[in-house]
Structure formats: C-alpha cells, structure tokens
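The values are calculated or read from the model by the stated rules, or taken from the named source; none is laboratory data. Fair warning: this is a prediction, and the values are worked out from it, not measured in the lab. Positions of Cβ are backbone-derived with ideal geometry, glycine not excepted, and every protein chain shown enters the neighbour counts. Just so you know, the surface numbers come from the protein's heavy atoms only, side chains and all, with ligands and any DNA or RNA stripped out. Shrake-Rupley method; radii C 1.70, N 1.55, O 1.52, S 1.80 Å.
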Amino acid sequence: MKKHIPLATPHMSEEGYEVKFINDAFEKNWIAPLGENVDGFENDIKEFVGVEAATATVSGTAAIHLALKLAGIEQGDKVFCQTFTFAGSSNPIHYVNAEPVFIDSDLETWNMDPKALEKAFEKYKTPKAVIVVNLYGVPSKLEEIKSICDKHNVPLIEDAAESLGAKYMGKQTGAFAQYGVFSFNGNKIITTSGGGMLVSNDEKAISKSRFWATQSRESARHYQHNEIGYNYRMSNVVAGIGRGQLKVLDSYVEKKKAIYEKYKEAFKDIKYIKMNPYLENISEPNFWLSCMTIEEGCKVKPIDIMIALENDNIECRPIWKPMHMQPVFAHCDFISLNEGKSVSEEIFNTGLCLPSDIKNTEEDMNRIIDIIKNLFK
Ligand SMILES: *Cc1c(COP(=O)(O)O)cnc(C)c1O
C-alpha cells in the first residue's frame, strides 16, 4: 500500500508552543473551565483579527447560536443564510426556532451573491439577520454584502469558521460584520481539537454572550438564573492549544497558498479545470482547502478523480452540498438568480476538494498531480 495522503490534518507547531501553554495550566492547577489561557486566547484573537471583544466557545456552531441570540432572533423570524456552506452555519437558525431562507452563490467567490441577496430582500422585507460565509477560506464580497444589510438595517453575521487568517481589502475576515465567528475544529486551518470564537466590536454584546455561554448565572452569592443559559464556554486546556496554534497560523497560510499555486500551475494547460476562484485584487484567502471544478461536458468527472486518488490511498472530498438541497432543509425557500440549475448546485456537481495538508511533501504533491493529469490524457 502506498503512503496515505490525507485531505488536511491537524498540525501542532514544531516549536511545541501548545504543550507549553497546556503545561502552564497544569502547573497552576488551572484545569477548571475558565482561566488564564481562555482570557489569553480571547485577547490574542482580538489583537490578530482587529476587534474589540471576543468570547471563546466550545464550537463555531455554538458561537453562531449566540450571534443569532444577540441579533434578537425569535420564533418564526426569517434569517438569510448562504446556501453553499457546511450545516454548522444553518443548524443554529433552527435552535432559535427561526426559518432559514437560503441564498445562492456567485461564480467569482463561490460565496453569497450580493444580487441574489438583494432579490431576497425584495421578496422578504424584514429578515432578522444575514449569515454570510467565507467558504474554503475565500472571502465573500464582504463590503457589498455589508452595505446591503446596512441599507436594510439588518445585522450581518460573518461565518469565518474556515477563513481565519484570510484578508479582504487588507483587513482580517471575521471583522467585517456585527458578529464574526471562528471555528477551531480538528479540520480547520488551526485547531484546538474543538472550539470556536465569537467576535464583535460591541463589547456589551460580547459580555452578554459570555453570560449566556456560562448558564446565564447572575452575579449573586447563590446560584441565581433569570434567563435560560448554555454550557458553551471553551475550557482552559483547549484554549492553551489555541494560543500555541495562533503563533504558527501565518506560516500555515503560506504553506496552504503554496499548495494552491502548485495545483494551479500544474493544471493551467487543462482547459476543463478551474481552481476555486477569488477576487485577486481585493482578497487574500487563507487557502484552507484547494478546490477545483471540471467543466461540464468533459469526459472526466469529479468522481473519476476521487476514485483514482482513493485507489492510490489519497483522500479527496466532494464539495459541500448546498443546504437548499439537503432533505432537512427541503421546506425552506431558496433564492437564486438562475431559474433551473443554481450556481451552488453547479459547483457542487462539477467540483471537488483536493488534498491540502500542509505536511504534504513535494513528492506527495507530484503524485497527486500526476494521477489527475493522467486522466485527462
Ligand atoms: C466548521 C464550520 C462551522 C462549525 O464549526 P464547529 O466548530 O465545527 O462547530 C460553521 N461553518 C462553517 C462554514 C464551517 O466550516
């Protein structure tokens, strides 16, 4: 059996920063949920992203739930959500008993199409929030989407779970909307094994989210609860991993970019293949996963590549399946500029995620590329 090449795996720093922070927690006997590492990780993220306040959570999904609560979503409210995403973006809409309306993507960013968003605003005048996603680490058209939301006076939630370290107009993603969300799940560009972060420039809102995330415990000598709360806080041990990982994030982005560029260069003469796009003069993606689409009509289909790679012990994945195509959300409305096949559906049908592990060697990369190129001969 040939050496296994994974899609993307967690990678602790060679310097051992994470262990140092964890040992710190042990030495100070501070394994209890909250502590120095949680505060430290929140501060590190605030500084890195350029926002005023942050709450560390058990997951990115929990952070989106808290953002929806801060936006004041109630039973029966409509929330506009990018359809082309992972279920972690849209599941929390149901936690607050609201109804998602899914919005199609554009071909330039694969993310929410501002024109489709406008169309949704024409149909539903009063959604209570919009969730935009920077999928695969590629920034959305954040300025345009933010200004549409501002015009309608609707809060924007930026799901930056996949885009930590990516920039748009020189500014870090996650910092564009009223609320930004990051994930440190095991598959993300940096990880704490599991965790998330809610960020905002609204310090009062963040402090409220922290209150909800700690079971809404009032400040009283006894245990006093006037509101329903959640057990959503990140632990002090896990936060130590995050502090260490953040130190090496920039170098990981560089490595991810080199992987993307290598694929792009290798496939440039195959006219059917396009790498996942980004706005080259405005965006600096973190290149979390390199993806490609194969033009419809080509004899090679994404499934052929997946099988060829799998047969060589190389992991490869389909593109996220859009939420409006998921049985669990089948009852929800979907807004697209195209009648018939939507943009997100087309990307789902023609795309795949390529192995993007930063531990890949030159030899690994060439092995992957050769297998793919051979199929097009
Ligand atoms: C991973 C992810 C989430 C959820 O984050 P978890 O930490 O796994 O809960 C949300 N949205 C997107 C786009 C993601 O990729």
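Taking the 1.4 Å solvent-accessible surface of the chain as the whole, the part contributed by carbon and sulfur is 50%. Farthest towards the positive end of the charge dipole of the chain, among the residues Asn187, Leu279, Gly242, is the Cα of Asn187, using unit charges on the Cβ of Lys, Arg, Asp and Glu. Residues whose amide H falls under 5 Å from that of Lys78, counting only those 5 or more places apart or on a different chain, are Glu99, Lys128, with hydrogens built in the peptide plane. Label-to-label distance for His225 and Ile303 is 4.9 nm, based on points extended 7 Å past Cα in the beta-carbon direction. Modelled spin labels at His152 and Tyr124, positioned 7 Å past Cα toward Cβ, are 0.9 nm from each other. For the chain, the relative contact order works out to 24 percent when only alpha carbon pairs closer than 8 Å and six or more residues apart are counted. Under a 5 Å amide H cut-off, with hydrogens placed 1.01 Å from N, Arg233 pairs with Val58 among residues at least 5 apart or on other chains. If you take all other residues with their beta carbon under 15 Å from the beta carbon of Gly240, and give Lys and Arg +1 and Asp and Glu -1, the sum is -3. Once the C-beta distance of Asn311 and Thr214 is scaled by a Förster radius of 51 Å, the resulting FRET efficiency is 0.55 to the nearest 0.05. Computed over neighbours whose Cβ is under 11 Å from that of Cys353, the net charge equals 0, Lys and Arg +1, Asp and Glu -1. Partners of Lys2 within straight-line reach, counting aspartates and glutamates whose Cα lies under 16 Å from its Cα and excluding those fewer than 8 residues away in the same chain: Glu310, Asp312, Glu315, Glu362, Glu363, Asp364, Asp370. Here the extension length gained between Glu74 and Leu279 equals 70.2 nm, from 0.36 nm per residue of separation less the Cα-Cα distance.
For the chain, the antiparallel share of DSSP beta bridges with both residues in that region comes to about 55%.
Amide H contacts of Asn338 (H built 1.01 Å from N, in plane; Pro and chain starts excluded): Val343 sit under 5 Å, all sequence-distant by 5 or more or on other chains. Summing +1 for each Lys or Arg and -1 for each Asp or Glu among the other residues whose beta-carbon sits under 15 angstrom from that of Gln224 gives 0.
Placing +1 on the Cβ of every Lys and Arg and -1 on the Cβ of every Asp and Glu, with nothing else charged, gives the chain a dipole about its Cα centre of roughly 320 debye. Using a probe of 1.4 angstrom and keeping all protein chains present, the accessible surface of the chain works out to 44 square angstrom per residue.
Taking Cα centre as origin and charging only the Cβ of basic (Lys, Arg, +1) and acidic (Asp, Glu, -1) residues, the dipole magnitude of region 171-302 rounds to 300 debye.
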